[in-house]
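Visitor: Below you will find the structure I want to go over with you.
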Amino acid sequence: MTIRVAVIRFPGSNCESETLEAARRAGATAELLDYRATSLGGADVVILPGGFSYGDYLRSGAIARFAPVMQAVRAHAEAGGGVLGICNGFQVLCEAHLLPGALLHNAGQRFVARPVDVRIERTSTICTGLFRPGAVVRIPQAHGEGRFVADEATLDALERDNQVVLRYVPVPGSDLPHNPNGSARDIAGICNPAGNVVGFMPHPERLAEATLGDTIGQTFFASLVGAPTSGAPA
Amino acid sequence: MTSAASTPRAFPGERPVTEAVVREHKLNAREYEAILALLDGRTPTLTELGIFSALWSEHCSYKHTKPVLRRFPVEGPQVLQGPGENAGVLRLPEGWAVAFKIESHNHPTAVEPYQGAATGVGGILRDVFTMGARPVALLNSLRFGPLDDPRNRYLFAGAVKGVGDYGNCVGVPTLGGEVVFAPGYAGNPLVNAMAVGLLRAEELITARAQGVGNLLLTVGARTGRDGIHGASFASEDLSAESEARRPQVQVGDPFTEKLLLEASLELIRSGTIVAIQDMGAAGLTSSSAEMAARGGVGVELDTSAVPTREAGMTPYEIMLSESQERMLVVAEPAQVEAIRAICQRWDLDATVVGRVTDDGRYRIIHDGVVVASIPGRPLVDGCPIYEPEARESAEAVARRSRTPSRDDLDPLEALERLLDAPTIASKRWVFEQYDGTVRGRSVLTPGGDAGVVRVEDTGFGIAMTVDCNARHVLLDPYEGGKGVVAEAARNIACTGARPLGITDCLNFGNPERPEVFHQFVEACRGIGDACLAFGTPVTGGNVSLYNQSPTGAIDPTPTVGMVGLLEDVTAAVGSHFTTEGDAILLIGRTAGHLGGSAYWAELLDCVGGPPPPVDLEAERGLQEVLVRAAAGRLLRSAHDLSDGGLAVALAECCIGGPWANATFGATVDLARHADAVSDLGWLFGEDAGRVLVSCAPEHVAALQALAAEHGHGAHYLGLVGPAEGELIIRRDERRWQWSTRRLRAIHLEAIPRRMAAPGAAEE
């Protein structure tokens, strides 16, 4: 049975096409879903893609959390269904309290677009199952508001309950800060305790196709549909 | 809506049109006489005067430049749409086509860098998607005064953030650009933005109002009081009073732009509309008048129907507002509901504001009263055309024979100082603020010779670049003009792509000065000759004159944006060394030409000498070598020699890309090549038509044979060294050696170090 994926398009989403393609390439049946929808139409996994929902005008993700479709997303998450938020999608999930913490303006106060090295800290999630635990992957990221913050108790709980999914790690030889935005404890992505709701800042859908030099990003989508990757586990 | 044929009346409360009011609108006596003649001797209403002032501004009328621009080569088998539309369009394989255009937003940026630059990006994106093309890449060319002045740091930081925030939000990757710092831009920075879009050739739509009885609709943002008279502002010298123009700078809303982009593409594909045009410079006035003139029809607009942001806006204000993110659409009456439904899906309004008429007049009605009625075609093309005097100044002639007072720098120090010059230094600080990977199609991102994107799901790609060596144009406008196109074509060819065509952004000073107009005429002649020789027609562009502030005119800056076709996108060639032990070859002839060089200008304070001559046949042969070598998978890297010559190019190849974790060393030997050339000429000379390549040792012979076939030498210089190694250049008994790690640090830190100084966030 093929996995059905719904990629939500909010006004201002701008990564929905490549996200849809990556899901389809992995073998899923994937469709766009309008933010005004009140049901997920039977989707197994919901992806909130990157972009600037509502222009990020108030605060990234702050308005999208009130979009009609978010009630269905919440019900789906609470029922154990898969929910993945990428970049702006991660911001929406935090604003909607489906994940703890918040994403603030980068510490450098500038938009930062460059590849980062992240370590897979947890493989028992909906989208990291095909990685080797501790694998370090280089994927693009591009955001102005990616500094993950939470109070110390919440951060400790995230660490204790193994809810950190991706963490920025130093790049040998690089002159750039390994953590591009100053996020607490180098956190790039987290999940809920069960691992069915995941959010992270990097964009694996942008490095998921051979002509772009690397397909490592595709492993996240292959994990999502439970299909084997083309090669050995990363 | 009444179809009143009555004589226009002044809008209540409007000022009467006096000589002073005419002058204020930047219309001279000859132009005003022409207006009176068109109106059968009647004094225009203020609304009419405002409309003429906008459409007869340099920005809209090209009144000083039309005869020169007509000489550009504009034809070729690849041309689907040449100049005169919102963007040029060239054919690609498999039924695809590429729409692209470059445009300036200089004056707004000079007074309000963030919004000025942001709305420049917004405008150029709309020019591309109104052709039915989905924007897939952005590029930009930015020029500022030196970074030691806090005002320049403020303008630079603001413009970069404006460019980034807008493109990032709309979701179009920025794939290339150039940033130049020179004293001539201190009072008058330049922001030139280019957009590239893809469409199916059969979906091309043009902006032509047709069908008497068809309706005009505005789509998108409401009309406010921002940007009134922007087109006229763009057509005058900057002065101490320009700061007061700040309210005329438009404010950008990239979120609405994204919705407008999706709605426009859907409208075009739905077949519900006849034509669509961006309300850019001169807003509703130019979009409606130009669409009517192209279609050979009249239009009647009811300004009281236009949705406004505030109550009480006059027809004058509504016609001249440059509020952003608005489109004008022509459609059959039966389609209005379908259009509204599509717009609603994107949370946008569509409002009927006028209709196409058969009387050829351009008529504006407000609350049932006719406030403007002008013959339509002469309004668009009846502005008096000037062919100003063009004469090179004695100063310009003298500049060409100027040489530096000393020429004895230590090459070791000279290379380090050149890499630290902000114009040559890494622009990572800039493009790190631009999303280069959104859409998931980016093959080569900024930091190399040209950007490359894959064309949707095909196997081919398009390469793109923007270039202008303004110093060369200043010193010799004709050779410099040729050089601009040649450099762009080399950059495209370095990736393995074949140059297809150009768009140009001609930034010059006040054309009424003979020395400025001479630069303009000669640079355009050079660009035209090069385009003819390369088979890369001019598909459109933009002229920005009056780039003149109290500190003088800018260096003549005819920026060229070029696109090329990369038939196999997996064969794309990067700019930097990739593999230890690879052979390094220099293709092209070295004569040690230092005139016009960055070495003289940046290190010896001498902008002088003739710039290097450009041999167009040799350039064409070089492009062919690069395209074939890439297709034959012979190359591991290819990098154009430009500012700073061989030494800088070698250093850049060793330093690696912006995200590289390690440098490469290199050992090269200059003996037995160009023996008559001085050491400094070899290291820092800027002879045109040269490219530095690296390849696996087993491909050297094939590469040399290929170069010879096209009349070129591919001179073996040496080998790529180990990671983190030294760059060693030997010539006979002389030997210069640098740590590539150190060179990388200098190159990467030059701009961030200066921007860390206080002042960037001031004002």
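Visitor: Could you work out, residue by residue across A:141-150, how many beta carbons of other chains sit within 10 Å of that residue's beta carbon, and then give the average as an integer? Please report the intermediate quantities before stating the final value.
Guide: Numbers: counts 2, 10, 2, 7, 0, 0, 0, 0, 0, 0.
Mean shielding by partner chains, rounded to a whole number: 2.
Visitor: Taking Cα atoms, how many degrees apart are the long axis of helix B:46-55 and the longest axis of chain B, rounded to 10 and kept between 0 and 90?
Guide: Between helix and principal axis, roughly 30 degrees.
Visitor: Shielding of A:50-60 by partners, i.e. mean partner chain Cβ atoms within 10 Å per residue?
Guide: Counting other chains' Cβ atoms within 10 Å and averaging over A:50-60 gives 3.
Visitor: With a 10 Å cut-off between alpha carbons and a GNM built on chain A, which of A:Val112, A:Val83, A:Val164 moves the most?
Guide: A:Val112
Visitor: Using Cα pairs under 8 angstrom and six or more residues apart, how large is the relative contact order of segment A:4-226, in percent?
Guide: Once divided by the residue count of segment A:4-226, the mean separation gives 21 percent.
Visitor: How far is helix B:336-345 tilted, in degrees, relative to the longest principal axis of the Cα atoms in chain B, given as a value from 0 to 90 rounded to the nearest 10?
Guide: Tilt relative to chain B: about 50 degrees.
Visitor: If you don't mind, another one. In terms of the ratio Rg/(2.2 N^0.38 Å) built on C-alpha atoms, what value belongs to segment B:32-190?
Guide: Details: Rg = 19.2 Å, N = 159, 2.2 N^0.38 = 15.1 Å.
After normalising by residue count via 2.2 N^0.38 Å, the value is 1.27.
Visitor: If you average 1/r over every pair of different alpha-carbon atoms in segment A:11-157 and take one over that average, what Kirkwood value in Å do you get?
Guide: Result for segment A:11-157 stands at 16.3 Å.
Visitor: Charges on Cβ only, +1 for Lys and Arg, -1 for Asp and Glu, centred on the Cα centroid of chain A; of A:Ala43, A:Leu84, A:Ser124, which one is farthest towards the dipole's positive end?
Guide: A:Ala43
Visitor: To the nearest Å, what is the center-to-center distance of segment A:111-152 and segment B:310-383, using C-alpha atoms only?
Guide: Segment A:111-152 and segment B:310-383 have Cα centres spaced 49 Å from each other.
Visitor: Could you check what % of the DSSP bridge pairs in segment A:4-226 are antiparallel, to the nearest 5?
Guide: Working: 22 of 39 bridges.
Expressed as a percentage, antiparallel bridges in segment A:4-226 total about 55.
Visitor: Follow-up. In Å, what is the Rg of the alpha-carbon atoms in segment B:545-605, and how long is Dmax?
Guide: When restricted to the Cα atoms of segment B:545-605, Rg and Dmax are 19.3, 54 Å.
Visitor: For segment B:433-549, with equal point scatterers placed on the C-alpha atoms only and solvent neglected, what are the log10 I(q)/I(0) values from the Debye formula at q = 0.14, 0.16, 0.22 1/Å, to two decimals?
Guide: Taking Cα atoms of segment B:433-549 as identical point scatterers yields -0.66, -0.81, -1.19.
Visitor: With θ set to phi - 60°, apply the Karplus curve 6.51 cos²θ - 1.76 cosθ + 1.60 along segment B:732-742 and write out the HN-Hα couplings as whole Hz, x wherever there is a Gly or Pro.
Guide: 6, 8, 8, 8, 10, 9, 10, 7, 5, 4, 5
Visitor: Return the sequence-ordered ³J(HN,Hα) values of segment B:133-138 in whole Hz as given by the Karplus equation 6.51 cos²θ - 1.76 cosθ + 1.60 applied to θ = phi - 60°, using x for Gly and Pro.
Guide: So the J values, rounded to whole Hz, are 9, 8, x, 10, 7, 10.
Visitor: Next question. From the mean inverse distance of alpha carbon pairs (Kirkwood) and the Cα radius of gyration, derive Rg over Rh for segment B:706-763.
Guide: Values: Rg = 19.3 Å, Rh = 15.5 Å.
Answer for segment B:706-763: 1.25.
Visitor: Here's something else I'd like to know. Taking only C-alpha pairs under 8 Å that are 6+ residues apart, what is the relative contact order of chain B in percent?
Guide: Relative contact order for chain B comes out at 16 percent.
Visitor: Restricting to the protein assembly as shown, compute how many DSSP beta bridges are antiparallel as a %, nearest 5.
Guide: 75
Visitor: Enter the mean projected area of the convex hull around the alpha-carbon atoms of segment A:79-127, in nm², rounded to one decimal. Mind dumping the intermediate values first?
Guide: Details: hull surface 18.6 nm².
Computing the convex hull of the Cα atoms and averaging its projections yields 4.7 nm².
Visitor: A follow-up question, please. For segment B:627-746, build the convex hull from the C-alpha positions and give me its volume per residue in Å³.
Guide: In segment B:627-746, the Cα convex hull volume per residue is 120 Å³.
Visitor: To continue, here is another question. Per DSSP H run of at least 4 residues, take -39500 (n - 2.57); add these up for chain B, divide by its residues and hand me the 222 nm value, nearest 500 deg cm²/dmol.
Guide: Estimated from H runs of four or more residues: -10000 deg cm²/dmol.
Visitor: Would you please give the residues with an amide H less than 5 Å from that of B:Thr308, counting only those at least 5 places away or on a separate chain, with H modeled from the backbone geometry?
Guide: Hits under the 5 Å cutoff: B:Thr223.
Visitor: Against the longest alpha carbon principal axis of chain B, how many degrees, from 0 to 90 and to the nearest 10, is the axis of helix B:645-655 turned?
Guide: Tilt of helix B:645-655: around 90 degrees.
Visitor: Within 10 Å of each candidate Cβ there may be at most 15 other Cβ atoms; applying that plus a DSSP loop requirement, which trypsin sites (Lys or Arg not before Pro) in segment B:1-92 survive?
Guide: Filter output for segment B:1-92: B:Arg9, B:Arg42, B:Arg70, B:Arg71.
Visitor: What would the Debye formula give as log10 I(q)/I(0) at q = 0.05, 0.08, 0.10 Å⁻¹ for the alpha-carbon point model of chain B, no solvent?
Guide: Log10 of I(q)/I(0), two decimals: -0.25, -0.63, -0.95.
Visitor: Starting from a Cα-only point model with no solvent, please compute log10 I(q)/I(0) by Debye for the protein assembly as shown at q = 0.08 1/Å.
Guide: At q = 0.08 Å⁻¹ the computed log10 ratios are -0.78.
Visitor: Also, I was wondering about something else. So how far apart, in nm, are the two label points at B:Arg633 and B:Ala676 if each is 7 Å from Cα heading toward Cβ?
Guide: According to this spin-label approximation, the distance is 4.3 nm.
Visitor: Please give, to one decimal in nm, the separation of the simple spin-label points placed at B:Glu698 and B:Arg42, each 7 Å out from Cα toward the Cβ.
Guide: That separation, rounded to one decimal, is 8.2 nm.
Visitor: Given contacts defined as C-alpha pairs under 8 Å and at least six residues apart, what's the relative contact order of segment B:584-644, whole-number percent?
Guide: In percent, rounded to a whole number, it is 31.
Visitor: Right, next: Net charge near B:Arg454: determine it from the other residues with C-beta under 9 Å of the C-beta of B:Arg454, scoring Lys and Arg +1 and Asp and Glu -1. Don't jump to the answer; show the numbers that get you there.
Guide: Numbers: positive: B:Arg441; negative: A:Glu209, B:Glu456, B:Asp457.
Cβ neighbours under 9 Å give a net charge of -2.
Visitor: Need one number: nm distance between label points at B:Asp568 and B:Glu389, each 7 Å from Cα along Cα→Cβ, rounded to one decimal.
Guide: 6.0
Only the coordinates and a few stated rules stand behind these numbers; no lab work does. For clarity, every value in this text was computed on a predicted model and none was experimentally measured. Positions of Cβ are backbone-derived with ideal geometry, glycine not excepted, and every protein chain shown enters the neighbour counts.
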